[in-house]
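The next block holds one structure in the form of structure tokens; read it before the comments.
The values are calculated or read from the model by the stated rules, or taken from the named source; none is laboratory data. The model shown is predicted, which means the values in this text are computed figures rather than measured ones. Please note: Cβ atoms are built from the backbone with ideal geometry, for glycine as well, and neighbour counts cover all protein chains shown. Heads up: the accessible areas ignore ligands, DNA and RNA and are worked out on the full protein's heavy atoms, side chains in. Shrake-Rupley method; radii C 1.70, N 1.55, O 1.52, S 1.80 Å.
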Amino acid sequence: MQTVDQIGIEERAASLAKRSIKKQTKVEGILLAISMIDLTTLEGKDSAGKVQAMCQKAIRPLDSANLQSQCQGPALPGREANSKSLRSQMIPSVAAVCVYPSMIPIAKKALKGTQIKIASVATGFPSGLTPLSIKIEETKKAVAMGADEIDMVLSRGNFLSGEYEKVSDEISLVKEACGDSHLKVILETGELETYDNVRKASFLAMNAGANFIKTSTGKAAVNATLPVTLVMLEAIRDYWYQTGRMIGMKPAGGIRTSKQALQYLVMVKETLGDAWLSNEWFRFGASTLTNDLLMQLAKEATGNYQSLDYFTND
Amino acid sequence: MTAPEKKVTRLEVVEPKSLQFGKKWDYAPSPESTDPVKIKLRYELFIGGKFTVPKSGNYFKTINPATEEVLSEVAEANEADVDIAVKAARVAYEKYWSKLAPAERAKYIFRIARQLQEKAREFAILETMDNGKPIKETRDFDVPTAAAHLFYHAGWADKLEYAFPGRKTRPLGVCGLIVPWNFPLLIAIWKIAPALATGNTVVIKPSKTTSLSLLHLAKIIEEADLPPGVVNVVTGTGKTGDMIVRHQDIQKISFTGSTAVGKGIIKATAGTGKRLTMELGGKSANIIFEDAAIDQAIEGIIQGIYFNQGHVCCAGSRLFVQEGIRDLVIRKLKDRIQSLRLGNPLDKNTDIGAIISGEQLETIRELVKSGVDEGCEIYQAPCELPKKGFWFAPTFFTGVAQSNRIAREEIFGPVLSILTFRTPEEAVEKANNTAYGLAGAVWTDKGSKIFKISSKLKSGVVWGNTYNKFDPASPFGGYKESGFGREGGLHGLLPYVELE
């Protein structure tokens, strides 16, 4: 198993984060990032009302007409080009909503007629400490209820105690239970601690049938970071080298600003290239990122920052 | 009866698919503004604390190698000018600098360091315009490292008795410092800082192609109120350098540049009693073992050979890959160099800048051609080269043997030669089988192997799992045809002092 040098990977991630993303590239990057979001709510207090509201936001993150009307006004010097291009662009819907299994029917109803996918966490999220039979049952049930994508959690306990086969078998069985639905395997990298473990777990998940690998549940102390994501992107590339099979990547948790989102896109662009730069192969697991992207978009169009009151909190 | 002939099916060699780094979500230009830099129409010599018209009356043009635009014209010092500069340095040495309390010397050096930090942006832009190297390198490496060297050596000025316990140090007198074009500001400061800290005065000459940053540093020195004549900048060609080398009243020559010129200097100074520091060429070995963290090693290869367009004396220009990972490393390298961005050096996203001059470009082309002629397989990044200026795409050769010219001669450009080895012994043997001995690196996940191999490499610097890392506290210098003497660290003070 190829190893990862901590200093080297962190240096590389830091140098990629220094790319200067300006003007049209920034606008396009933000629009791309919006289209890659898995808009997420995973709280004990989630209710039908909350999920319905989030689905509306997923369909129309911002009233495009609203932004366009703002663009009609005088743009600040240097903003003309962005303002013009935004006038003609639609703000895309997000890629998916990510909810607990019992919320699937509500999301399904709310998203009817749209392209937005329904992702459901399963397998005893977030700890994964549920008997295997129940994990499989939960997955099957979620798929039956209409989940297009299943976000399962890696059994970190088993992984850390070296029972790789057990972990791998479990993923394979869950994959089987997914049927045609896509499987994302959450590694919970914050609990794996070392980059070597992250790489090892990435390969384990990919070999066992994952369609996507995902960093975090959002429930651990450390969630997605740039270097961890880079380790996983490099693992995806190496797996592609070996098998020709493309695997998707989803960093989740802790990505809140447009600047961060663009840094992730830079890493994808320069590690995996053009083929991965779409929501088919890259997603952001995030809840608050959307509004910052929208705010930056409005700023690029008009030259001014707007108060958060102009962006909905769903 | 003969057995039916077996049908021979030839194994088809399938070229592995490569990743596509195209125009999708391409970065818009992000050029650094040149507003903070005021380039004068003409630069004079800096002698005796002020800018003075050269006795020669001659000026030469300096251009931006990325655009071929003339930036300015610079005074060409002749024999008389060099003599005046040396006299000024001599007077400054006798009258002020050698008499000054060491802590006072330190104050001046600290002052220059702070001013350089203050004007970091100006210097980064200026250096990029005059040299053609990417702004991200001047901004993140050249200028901050130069400032760090000044701070470091300022700290030594009043602590020399701790540097050499039980010994007293005495400065040498006037030092003649000759600086190359690849790191014009940084290498100048590598030499100025220890010379001043130890109590010497200097006459310094930048390369003809890159005088501007040192002349702007002279401005800082002027503003810092350094006693007149402690630092004198004489610009000019190699001839001017030769006059410094041969001047009778110079006690020490510190030269960074090509091995050929270095040999000339050694001959010219033989028997004169002049002390020498020679930092010459290199053909450094970057050794990657099977058990290395390969993706980080790939970054080390990139950093080793494409940093500063390969215009680096310690460039990792010979890559030794263990046979078992050869194909993987080459495949990864092919994909990786696609994403290197070549172009306007002032663009903050540029990774590869311009080649310093048409002359250097010719040298690179000639050596690359020899590689092709000798049957090595060439691979070049598919990047578009700008119409104006001097450019060379990142290149590597596979199937290189020790006997090929591209494995033996210093190319001083973005050209890598890839060789293979099977055992650690073979790696060491091949790495050492060169006339040079400046630097090298060992890549392995096994700590003990790093120590074992690096202690066997005959080179001044060996990096472990990294490349081109510089710290003022760490000495730098070579063996064999890469020169002698050290710069930086405790060892770097020694060439500038007499121990009593």
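What order, most packed first, do the peptides B:291-300, A:38-47 have when packing is the mean number of other Cβ atoms within 10 Å of each residue? Could you put the intermediate results ahead of the total?
On the way: B:291-300: 23.9, A:38-47: 16.6.
Highest to lowest by the protection proxy: B:291-300, A:38-47.
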Handout entry: Whether region B:36-180 is rounded, prolate or oblate, judged on the alpha carbon gyration tensor where a/c under 1.5 counts as rounded
Key = oblate
Exercise for the section: Return one number: the angle in degrees, 0 to 90 and rounded to the nearest 10, between the long axis of the Cα atoms of helix A:48-59 and the longest principal axis of the Cα atoms of chain A. Expected result: 60
Exercise for the section: Convert each backbone phi in region A:213-219 into a coupling constant with the Karplus relation 6.51 cos²θ - 1.76 cosθ + 1.60 (shift: θ = phi - 60°), then list the ³J(HN,Hα) values in order as whole Hz, x for Gly and Pro. Expected result: 10, 10, 6, 9, 7, x, 9
Completion exercise
Ordering B:374-382, A:154-162, B:458-466 by per-residue average of other C-beta atoms within 10 angstrom, highest first, gives B:458-466, A:154-162, B:374-382
Exercise for the section: Search the structure for amide H atoms under 5 Å from the amide H of B:T420, placed 1.01 Å from N in the peptide plane, and list their residues when 5 or more places away or on another chain. Expected result: B:V321
Handout entry: Table column - 3J(HN,Hα) (Hz), region B:193-205, Karplus curve with 6.51, -1.76, 1.60, x for Gly and Pro
Key = 4, x, 4, 5, 4, 8, x, 8, 10, 9, 10, 10, 10
Problem - Residues with amide H under 5 Å from that of B:Y59, placed H, sequence gap 5 or more - result: B:E76
Handout entry: Within chain A, helix-based [θ] at 222 nm, where runs of 4 or more DSSP H residues each add -39,500 (n - 2.57), nearest 500
Key = -15500 deg cm²/dmol
Handout entry: Unit charges on C-beta of K, R, D, E only; dipole of chain A, Debye
Key = 960
Exercise for the section: Convert each backbone phi in region A:155-170 into a coupling constant with the Karplus relation 6.51 cos²θ - 1.76 cosθ + 1.60 (shift: θ = phi - 60°), then list the ³J(HN,Hα) values in order as whole Hz, x for Gly and Pro. Expected result: 7, 5, x, 5, 4, 5, 8, x, 8, 5, 5, 4, 5, 5, 4, 4
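Share of the protein assembly as shown's accessible area from carbon and sulfur, percent, 1.4 Å?
Here carbon and sulfur together make up 53 percent of the probe-accessible area.
Mean residue ellipticity at 222 nm from the helices of chain B, using -39,500 (n - 2.57) per DSSP H segment of n ≥ 4 over the full residue count, to the nearest 500 deg cm²/dmol? Don't jump to the answer; show the numbers that get you there.
Working: 15 runs with 170 residues, N = 500.
Helices in chain B give a 222 nm mean residue ellipticity of -10500 deg cm²/dmol.
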Exercise for the section: Count charges around B:P227 for me, please; just the other residues with Cβ under 15 Å from its Cβ, Lys/Arg as +1, Asp/Glu as -1. Expected result: +3
Practice task
Give the accessible surface of chain A per residue, rounded to a whole number of Å², with probe radius 1.4 Å and ligands, DNA and RNA excluded.
Solution key: 40
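At the nearest 100 Å², what buried accessible area, both sides summed, do you get for B and A when the probe is 1.4 Å?
Buried surface at the B/A interface: approximately 3100 Å².
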Completion exercise
Tilt, helix B:326-338 to longest principal axis of chain B (alpha-carbon atoms), in degrees rounded to tens, equals 60
Handout entry: Number of partner chain Cβ atoms within 10 Å, mean per residue of A:261-274
Key = 3
Problem - Check: region B:302-458 dipole with +1 on Lys, Arg Cβ and -1 on Asp, Glu Cβ, in debye - result: 420
Exercise for the section: Report, for chain B, the % of DSSP beta bridges that are antiparallel, rounded to 5. Expected result: 35
Exercise for the section: Give me the percent of DSSP beta bridges within the protein assembly as shown that run antiparallel, rounded to the nearest 5. Expected result: 25
Completion exercise
Spelling it out for A:T41: with amide H atoms placed in the peptide plane at 1.01 Å from N, the residues 5 or more places away or on another chain with amide H under 5 Å from its amide H are A:C98
Practice task
Count, for each residue of A:22-28, the Cβ atoms from other chains sitting within 10 Å of its Cβ, then give me the mean as a whole number.
Solution key: 4
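Per-residue mean of other chain beta-carbon atoms within 10 angstrom of the beta-carbon, peptide B:326-339?
The mean count of partner-chain Cβ atoms within 10 Å per residue comes to 2.
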Handout entry: For region B:360-422, accessible area per residue (1.4 Å probe, heavy atoms of protein chains only), Å²
Key = 45
Handout entry: region A:168-210, Cα convex hull volume normalised per residue, Å³
Key = 57
Exercise for the section: Whole number in Å², please: accessible area per residue of region B:116-172, 1.4 Å probe, ligands, DNA and RNA not counted. Expected result: 40
Completion exercise
Taking every alpha carbon pair in chain A and sorting the distances into 20 angstrom bins from 0 up to the bin holding the longest one, the percent per bin comes out as 34, 56, 10, 0
Practice task
Measure nothing fancy, just the Cα-based angle from helix A:226-243's long axis to the longest principal axis of chain A, in degrees from 0 to 90, nearest 10.
Solution key: 60
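At a 10 angstrom cut-off on C-beta neighbours, averaged per residue, how do the peptides B:28-37, B:302-311 rank from highest to lowest?
On the way: B:28-37: 15.4, B:302-311: 25.4.
Sorting B:28-37, B:302-311 by mean packing, highest first, produces B:302-311, B:28-37.
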